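Only one structure is covered here, and it is reproduced in the block below.
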Amino acid sequence: MRSPSRGHVRIKSRDPHQHPAILFNYMSHEQDWQEFRDAIRITREIMHQPALDQYRGREISPGVECQTDEQLDEFVRNHAETAFHPCGTCKMGYDEMSVVDGEGRVHGLEGLRVVDASIMPQIITGNLNATTIMIGEKIADMIRGQEALPRSTAGYFVANGMPVRAKK
């Protein structure tokens, strides 16, 4: 899920001890709701394949009585969780919405960098931990003036000789 919903983090005062105003703004775009509905319906379809008959019990959650878009939305509203992986509040880039450049330097300020998950322009599909560590390592190397490692030419495994990505 790559939500188009966007929140914000805003400084409330010059006092560095005052917490910022944070608005996650989850589920503020119709696409978010549609993707959750689709996920529930596709999961049901998969779980009702004949190959899973001997393993499948009754549907526990959201429950078979939950069928309409409105019912699914109510279920999502009451049960969805974030997994506490926010990112993208200080977008890296050079457009008007970006906060930092490619080296984590805050636009318009001297001596201030942001080096964490907040600089990711978009949320990634996986867990943010490894990516955030790599951001820190990469920008630390830039600060120290270390050359980037050369591109690897090492071979990699491809199952049954299949292409890594299907051509569209």
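Criterion applied to ASN78, ASN25 was being modelled with pLDDT of 95 or more and under 24 Å from the mean Cα position of the chain (by Cα), and the one residue passing it is ASN78.
Pairs needed: first member in the range 139-152, in the same structural domain as VAL114 (by TED's automatic domain parsing); second member anywhere, β-branched (Val, Ile, Thr); C-beta distance under 8 Å; at least 6 residues apart or different chains. Close Cβ pairs satisfying both conditions: ILE139/VAL115; ALA140/VAL115. Taking the criterion of being surrounded by 11 or more Cβ atoms within 10 Å (Cβ to Cβ) and among the small types (Gly, Ala, Ser), the residues of the range 24-57 that qualify are SER28, ALA39. Test ARG41 against the criterion of being under 19 Å from LEU23 (Cα atoms) and modelled with pLDDT of 95 or more, and give yes or no. Taking the combined requirement at face value, the residue does not satisfy it. Of all residues in the range 70-97, exactly one satisfies the criterion of being surrounded by 16 or more Cβ atoms within 10 Å (Cβ to Cβ) and farther than 26 Å from GLU35 by Cα, namely MET92.
Here's the yes/no breakdown for (1) under 28 Å from GLY7 (Cα atoms); (2) free of Cβ contacts under 8 Å to residues at least 24 places away in the same chain; (3) touching a helix residue (DSSP H, G or I) at 6+ places or on another chain (Cβ under 8 Å); (4) not in a loop (DSSP other than H, G, I, E, B):
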position: SER28; (1), (2), (3), (4): yes, yes, no, no
position: GLN34; (1), (2), (3), (4): yes, yes, no, yes
position: THR43; (1), (2), (3), (4): no, yes, no, yes
position: ILE60; (1), (2), (3), (4): no, yes, no, no
position: GLU65; (1), (2), (3), (4): no, yes, yes, no
position: GLU81; (1), (2), (3), (4): yes, yes, no, no
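For the range 83-96, filtering for residues that are in contact (Cβ under 8 Å) with a residue 12 or more places away in the chain and in a loop (DSSP other than H, G, I, E, B) leaves 8.
Scanning the range 97-114 for residues that are part of a loop (DSSP other than H, G, I, E, B) and either within 22 Å of the chain's Cα centre (by Cα) or of a type in the set (Asp, Glu) (or both) yields MET97, SER98, VAL99, ASP101, GLY102, GLU103, GLY104, GLU110, VAL114. Looking only at residues in the range 115-137 that are crowded, with 16+ Cβ neighbours inside 10 Å and assigned to a helix (DSSP H, G or I), the one that is modelled with the lowest pLDDT is LEU128.
The values are calculated or read from the model by the stated rules, or taken from the named source; none is laboratory data. Everything quoted here is computed from the prediction, not taken from an experiment. Cβ: placed from backbone, ideal geometry, glycine included. Neighbour counts: every protein chain shown.
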